[in-house]
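The values are calculated or read from the model by the stated rules, or taken from the named source; none is laboratory data. Model, not experiment: these values are computed from the prediction. Cβ placement follows ideal geometry from the backbone for every residue including glycine, while neighbour counts extend to all protein chains displayed.
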Amino acid sequence: MVDPSIVFIDGTHIKASANKKKYQKEIVAKTARIYEEQLRAKVNAEREKLGKPPIEEEDDDEPPKGEKTVSTTDPDSGMFVKGEHERRFAYEAHTVCERHGFVLDVEVTAGNVHDSVAWDAVYDRVSEKFYVEFVAMDAGYKTPWIAKKTLEGGKIPILPYTRYKGGKERYRHMTP
């Protein structure tokens with residue numbers, strides 16, 4: 001009954017039982033992206049071939065800091081901002097389904113965690129358990145790291161087309 005040859009990955013927000021006016025701000029260390037170290041190594045290898053000096057890693061003893069809104073009633077949830085005016089504490093369930101709608105795996109995170117951050121854990125678990133050929137994802141998962149890891153794993157990523165978001169001057173030469 002289950003056909004995991006094509007899987008669909010998406011996240012949905014679940015409203016937390018937390019008052020959005022009861023929170024505190026916390027300073028947290030920003031985490032580095034997984035792909036950053038690998039990308040730096042490849043760029044430095046290319047720079048070495050061209051006779052250029054390598055790009056140095058930032059040798060700060062302290063990682064960069066960021067600010068995070070934490071609920072005092074439900075600290076596991078995260079502040080989710082939807083549009084300009086709507087702010088609430090929520091969770092996000094990153095769900096993997098197959099073509100008949102059967103859920104294969106779920107990863108629950110705080111509502112302020114981006115889709116692409118939670119993707120690694122859920123993708124790795126599904127890839128271990130099932131033979132997957134195609135992975136369909138929405139635009140939140142459209143990052144170079146996700147495309148690279150999916151292709152290197154022998155799977156075909158199915159990602160949406162997104163329009164060019166830059167200025168119109170790029171296409172000005174094409175108009176009559």
ask   = Hey, does the range 158-165 have a residue that's in a loop (DSSP other than H, G, I, E, B), surrounded by 12 or more Cβ atoms within 10 Å (Cβ to Cβ), touching a residue at least 60 places away in the same chain (Cβ under 8 Å) and among the hydrophobic types (A, V, I, L, M, F, W, C)?
value = no
ask   = Can you name the residue in the range 86-99 that is out of contact with any Asp or Glu (no Cβ under 9 Å at 6 or more places or on another chain) and touching a residue at least 40 places away in the same chain (Cβ under 8 Å) and, of all such residues, is surrounded by the fewest Cβ atoms within 10 Å (Cβ to Cβ)?
value = 87
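Keeping to the range 132-141, report how many residues are farther than 15 Å from residue 94 by Cα, in a loop (DSSP other than H, G, I, E, B) and either at pLDDT below 90 or out of contact with any helix residue (DSSP H, G or I) (no Cβ under 7 Å at 6 or more places or on another chain) (or both). Let's see the steps before the verdict.
Start the filter on the range 132-141 by keeping residues that are farther than 15 Å from residue 94 by Cα, which leaves 132-134.
With in a loop (DSSP other than H, G, I, E, B) added as a condition, the list becomes 132-133.
This time we only want the ones that are either at pLDDT below 90 or out of contact with any helix residue (DSSP H, G or I) (no Cβ under 7 Å at 6 or more places or on another chain) (or both), so: 133.
So the answer is 1.
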ask   = Could you give every pair whose Cβ atoms fall below 7 Å, whose first residue belongs to the range 100-117 and is within 19 Å of residue 6 (Cβ to Cβ), and whose second residue is polar (S, T, N, Q) and assigned to a strand (DSSP E or B), counting only separations of at least 6 or pairs across chains?
value = 103/95; 106/95
